């Protein structure tokens, strides 16, 4: 009985914790439900990422690259997130401003030391600059891995607050596996090692 009330208390913890047990309205019984976890919406992730952008990458006397705020999209079938990156290139070597883009998808990990969810294992596509000559795009493509690494690798996508973890800790649990869903992330809960 005590464990059931602790599981029900997960629903009340701030920060979108979702409970493991729900009751049938008709008979008061228990139904199957996902294990306890912490839900983070795509909107929350987007807001966290937006704080880091725009980013500028100058190549003195040649060109300036500006990376705009990426648009995040869940890839639940791959358990990854996709960042659609908008890019602007300008400067003396280009004579005018050109709009481009590239995509980066990445996995996620939980960092217990500061209670954060971070990007890892970046994979990126080639740069797309419709108004630039292919040889110039190939030259700029050399900068894409560095830009992606500097802008997204280990970026904090979400930080759990101490009050979010208070009830979890009292139950002897801790954040575990991160699952990408259609609406954002679900951080599973696992028992702490004895």
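We did not get these values from a lab; they are worked out from the coordinates using the rules stated. What you are looking at is a predicted structure, and each value in this text was computed from that prediction instead of being measured. Cβ coordinates were reconstructed from backbone atoms using ideal geometry, including for glycine residues, and neighbour counts include every protein chain displayed.
Structure notes:
- The packing ranking, built from the mean of other Cβ atoms within 10 Å per residue, places the peptides 71-83, 48-60 in the order 71-83, 48-60, highest first.
- Segment residue 69-residue 115, length gained on full extension (0.36 nm per residue, minus Cα span): 14.2 nm
- Remark: spin-label model distance residue 181-residue 53 equals 2.5 nm, labels positioned 7 Å along the Cα→Cβ axis.
- Residues residue 191 and residue 44, FRET efficiency given R0 of 30 Å [Cβ-Cβ distance, rounded to 0.05]: 0.70
- Label sites at residue 166 and residue 84, each approximated as a point 7 angstrom past Cα along Cα to Cβ, lie 4.0 nm apart.
- Label separation (residue 143 vs residue 123): 2.6 nm, computed from points 7 Å beyond Cα along the C-beta direction.
- Convex hull of segment 43-158 built on C-alpha atoms - directionally averaged projected area, nm²: 7.7 nm²
- Relative counts (whole %) of C-alpha pair distances in segment 133-191, using bins that are 5 Å wide: 4, 13, 14, 15, 13, 11, 8, 8, 5, 5, 3, 1, 0
- Average Cα contact separation per residue, segment 43-158, under 8 Å, 6 or more apart, as relative contact order %: 21 percent
- Protection proxy ranking, highest mean first, for peptides 141-147, 91-97: 141-147, 91-97, where packing is the per-residue count of other beta-carbon atoms within 10 Å, averaged.
- When both bridge partners sit in segment 43-158, DSSP labels roughly 100% of those beta bridges antiparallel.
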